[in-house]
1. Is there a residue in segment 14-24 that is closer than 26 Å to LEU375 by Cβ, modelled with pLDDT under 85 and aliphatic (A, V, I, L, M)?
2. For segment 364-387, name all the residues that are among the basic types (Lys, Arg) and either surrounded by fewer than 21 Cβ atoms within 10 Å (Cβ to Cβ) or more than 23 Å from ARG72 (Cα to Cα) (or both).
3. Filter segment 26-53 for residues that are surrounded by 12 or more Cβ atoms within 10 Å (Cβ to Cβ) and either of a type in the set (A, V, I, L, M) or in a loop (DSSP other than H, G, I, E, B) (or both) and give the result.
4. Out of the residues in segment 182-201 that are surrounded by fewer than 18 Cβ atoms within 10 Å (Cβ to Cβ) and not hydrophobic (A, V, I, L, M, F, W, C), state the one that is nearest to ALA211 (Cα to Cα).
5. If I ask for residues that are open to solvent by less than 70 Å² (accessible area, probe 1.4 Å) and either under 13 Å from ARG62 (Cα atoms) or of a type in the set (Ser, Thr, Tyr) (or both), which ones from segment 91-105 would you list?
6. How many residues, within segment 234-253, are assigned to a loop (DSSP other than H, G, I, E, B), open to solvent by less than 70 Å² (accessible area, probe 1.4 Å) and at pLDDT below 90?
7. Within segment 213-233, is even one residue surrounded by 19 or more Cβ atoms within 10 Å (Cβ to Cβ) and either assigned to a strand (DSSP E or B) or more than 35 Å from the chain's Cα centre (by Cα) (or both)?
Amino acid sequence: MRAFLAAPEAEAWQIVERYPVLLLPELVDAAERALGRTRALDGLREMHHALRGSPAYAPYHRLLVAALAGERRGSRRVNLERALAVMQDVRRAADDPADEHTEQVLRAELAALIPVPGAKPAPAPAVPAAQPPRAHALFLDDGELAGLRCGNDRRDTNPNPHDRAYATHGGLSAGGVEWYGDPAAPVYRLVDARWVFASSKAAKAYLDSPATQLLARDGLANPAVLAIGDGAHGWDGARSGPGVRSRQCLLFRIDRVVARLDVTEGPGTAQALQGLTRAHVLPYADAVVRRVRRVLAQYWLAIGRGTAAAHAFVQAPPRTADRLLAEYPILLLPEFPTAMASLGEAPRAAAERLAVLQGTARNHWQAYRELLRMLVRGLLDETAGEPRINADAALRLVTAHRRLDADPAWTALEAECGARASGQPPATG
């Protein structure tokens with residue numbers, strides 16, 4: 001309400017799109033009792049009347065339904081009952097099968113909150129809680145390191161005991177594993193390490209820190225900047241005499257994970273007329289990038305009802321699948337098709353259609369803006385997972401969109417996303 005009262009009249013509809021709760025008549029009544037009758041509140045009531053009977057009534061009030069249904073503050077039952085009442089008005093105003101499905105979902109959730117006398121409550125479905133990916137899942141395994149055997153496994157321990165940069169940038173988890181192969185092979189000892197952060201910004205700062213690079217190169221020379229993942233540095237040490245073996249080290253970032261591969265050639269490599277080169281290490285780096293991107297994407301299945309969204313999309317007819325975007329904005333997240341593909345064969349095929357649909361949705365500018373705002377708001381208000389991870393994803397969406405959309409509301413939203421991604425409390429007042 002403060003945002004609406006402070007906004008220029010020309011931006012009134014944009015504020016309503018951003019805060020659909022302004023469409024509740026009881027909110028206007030409450031504001032009038034608290035503030036007195038004002039020209040802005042009269043204008044808001046006129047906007048309510050203008051929507052009645054217009055083609056815009058259903059789209060705007062679907063936003064209100066989504067806002068009420070997604071609200072976790074206050075009484076969950078009251079929020080759902082009000083959302084259901086609005087949805088019934090929408091169905092009287094528009095004939096859309098997706099609205100019937102939304103109403104059924106609201107009724108089912110509301111019924112689950114209302115106990116039946118004498119009945120035993122049904123057990124809640126087991127939904128895995130979303131957590132930041134553990135370092136274990138991000139490491140290469142036997143299938144990707146054929147011919148090597150696992151040696152020193154310390155995936156719960158930072159390989160750099162005195163890593164101040166890791167603490168400075170709020171690292172979530174870190175660890176390392178050593179693998180060993182044929183003493184006569186170019187790849188004999190491989191050290192595979194990970195550092196996981198809450199945001200891509202923190203991971204990049206850690207990667208670029210001089211202290212990080214000093215620890216990573218471990219005395220190696222010949223620094224190089226490489227095109228691996230989202231940025232990489234490399235060093236090497238050539239064989240320079242008897243008993244000295246070649247080494248190759250890569251330090252690179254994949255989104256909010258920093259990885260390091262340190263490879264040493266075998267003691268019998270020279271006798272076998274072989275030698276370690278960077279070309280031997282790059283295929284392992286490519287495997288790390290694929291694995292990390294897949295594991296990071298899977299996180300989103302438990303955010304914004306992600307698993308339910310994936311199954312709903314798989315079952316929806318392709319012609320009407322776009323209607324699910326309003327109900328499950330998480331489907332618009334760029335990483336979500338990769339997350340869907342990890343669920344099996346049918347979801348993998350549907351994930352390809354979703355990737356196409358995401359691109360098509362951007363062509364419908366006004367509807368896309370509303371959906372994107374819903375997705376960003378949902379990520380910021382999500383109670384599952386790591387709040388900084390969710391806010392960082394929202395920040396990237398807003399930053400990319402703001403380059404195309406001059407609406408100043410996105411600037412304020414970008415600031416909120418940035419503050420939450422860095423762990424700061426949201427601004428008030």
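The values are calculated or read from the model by the stated rules, or taken from the named source; none is laboratory data. Just so you know, these numbers come straight off a predicted model, no measurement behind them. Counting neighbours? That spans all protein chains shown, and the Cβs are built from the backbone with ideal geometry, glycine included. SASA here: full protein model, heavy atoms, side chains in, ligands and nucleic acids out. Shrake-Rupley method; radii C 1.70, N 1.55, O 1.52, S 1.80 Å.
1. No, every residue in segment 14-24 fails to be closer than 26 Å to LEU375 by Cβ, modelled with pLDDT under 85 and aliphatic (A, V, I, L, M).
2. ARG369, ARG377
3. The answer is LEU27, VAL28, ALA30, ALA31, LEU35, THR38, ALA40, LEU41, LEU44, MET47, ALA50, LEU51.
4. Checking each candidate, the answer is LYS201.
5. Result: ALA93, ALA94, ASP96, ALA98, ASP99, THR102, GLU103.
6. Residues in segment 234-253 being assigned to a loop (DSSP other than H, G, I, E, B), open to solvent by less than 70 Å² (accessible area, probe 1.4 Å) and at pLDDT below 90: 2 in total.
7. Scanning segment 213-233, I find at least one residue that is surrounded by 19 or more Cβ atoms within 10 Å (Cβ to Cβ) and either assigned to a strand (DSSP E or B) or more than 35 Å from the chain's Cα centre (by Cα) (or both), so the answer is yes.
Each row is one residue, and each column tells you yes or no for (1) at pLDDT 90 or above; (2) over 26 Å from GLN104 (Cβ atoms); (3) assigned to a helix (DSSP H, G or I).
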site: PRO334; (1), (2), (3): yes, yes, no
site: GLY385; (1), (2), (3): no, yes, no
site: ASN390; (1), (2), (3): yes, yes, yes
site: ALA393; (1), (2), (3): yes, yes, yes
site: ALA412; (1), (2), (3): no, yes, yes
